[in-house]
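What follows is one structure encoded as structure tokens, with my remarks underneath.
The values are calculated or read from the model by the stated rules, or taken from the named source; none is laboratory data. Just so we're clear, the structure is a prediction, and the values are computed from it rather than from any experiment. Reconstructed Cβ throughout: ideal geometry from the backbone, glycine too, with neighbour counts over all protein chains shown. Quick note on the areas: whole protein, heavy atoms, side chains included, nothing else; ligands and nucleic acids left out. Shrake-Rupley method; radii C 1.70, N 1.55, O 1.52, S 1.80 Å.
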Amino acid sequence: MTSASAGGLAQQVDGREMAPGFAGIGILAFTTTRSMGTFGLQGGEPVGEVFARWGALRESLGGARLASARQVHGATIIRHVPGWSGWLRADDADGHLAPLRGTAMAVTVADCVPVFVGHRNGAAALLHSGWRGTAARIIAEAVTMLAKENAPASELIVHCGPAICGRCYEVSPDVYATLTGKSVDRPTTVDLRALIADHARSLGVREITVSERCTRCDNDRFYSHRAGDAGRQLGVMLAEPR
Ligand SMILES: [Zn+2]
């Protein structure tokens, strides 16, 4: 079943929240939903069930090799070159970059922003950007790395997927100052996706979209850490082989 949501940008297909704009350049990009179950490896669900879910995901991606990592809220992006197969769980990293088609990538999220970055030549990057990653400008790292893959900023497509919205995400004055450069005297709400979109725009990216879905407002559809969920959905990206 396919249904277009407000604005016609996002689509839900078989429980996947599709990132708009990527199908036209041969890149599959989506966020899983609660209906697909948790992909978190530390959520307390039976490990066999979670692993089976990852296995089914790989099958649904045509058996493509799949990159993931232990996420540490940093700005490290792994560039995936030939040399491994299967399901990789790399050490500390919050982003993946595949210069060539055929490598699937996944990040786990539950309020943090899954950021999808792609180019028509098949180069793609997928980021996990919470407040720390946003403050550390992981999006800038991705744009810089992609420029070296003949994918300049002005030709990139960027999408910020389902994440906690600017009305739901309250942070301490310290974090607010780190993110915005402005000082406040009490906990204040901040819109991470608007900040990431601003950063991308200032780097020369022209095609930027932001999902209207909030993991907390739409908690029936997505896992939300702030809403108390231990579960995690995945941002998934695969530039399909041609
Ligand atoms: Zn919200």
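Values computed for the structure shown
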| item | result |
| --- | --- |
| Residue match in segment 192-205 (condition: at pLDDT 95 or above, within 16 Å of the ligand (Cβ to nearest atom), within 30 Å of Asp229 (Cα to Cα) and open to solvent by 20 Å² or more (accessible area, probe 1.4 Å)) | yes |
| Thr215 being at pLDDT 95 or above, among the β-branched types (Val, Ile, Thr) and away from the ligand (no atom under 11 Å from the Cβ) | no |
| Search result, residues across segment 165-180 that are within 16 Å of the ligand (Cβ to nearest atom) and not basic (Lys, Arg) | Cys165, Gly166, Cys168, Tyr169, Glu170, Val171 |
| Subset of segment 128-137 (residues that are aliphatic (A, V, I, L, M) and either touching a residue at least 60 places away in the same chain (Cβ under 8 Å) or in a loop (DSSP other than H, G, I, E, B) (or both)) | Ala136 |
| Candidate set from segment 215-242 (those that are surrounded by fewer than 19 Cβ atoms within 10 Å (Cβ to Cβ) and farther than 20 Å from Tyr169 by Cβ); member that is farthest from the chain's Cα centre (by Cα) | Arg242 |
| Any hit, segment 83-106, residues being within 16 Å of the ligand (Cβ to nearest atom), within 20 Å of Gly21 (Cβ to Cβ), in a strand (DSSP E or B) and modelled with pLDDT of 95 or more | no |
| Options Ser129, Ser183; residue that is open to solvent by 20 Å² or more (accessible area, probe 1.4 Å), among the small types (Gly, Ala, Ser) and more than 14 Å from the ligand (Cβ to nearest atom) | Ser183 |
| Hits in segment 141-164 (condition: within 16 Å of the ligand (Cβ to nearest atom) and either open to solvent by 10 Å² or more (accessible area, probe 1.4 Å) or out of contact with any Cys (no Cβ under 9 Å at 6 or more places or on another chain) (or both)) | Cys160, Gly161 |
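Matching residues to (1) assigned to a helix (DSSP H, G or I); (2) free of Cβ contacts under 8 Å to residues at least 40 places away in the same chain; (3) not aliphatic (A, V, I, L, M):
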{"position": "Phe116", "(1), (2), (3)": "no, no, yes"}
{"position": "Arg120", "(1), (2), (3)": "no, no, yes"}
{"position": "Val143", "(1), (2), (3)": "yes, no, no"}
{"position": "Val158", "(1), (2), (3)": "no, no, no"}
{"position": "Gly166", "(1), (2), (3)": "no, yes, yes"}
{"position": "Tyr176", "(1), (2), (3)": "yes, yes, yes"}
{"position": "Val205", "(1), (2), (3)": "no, no, no"}
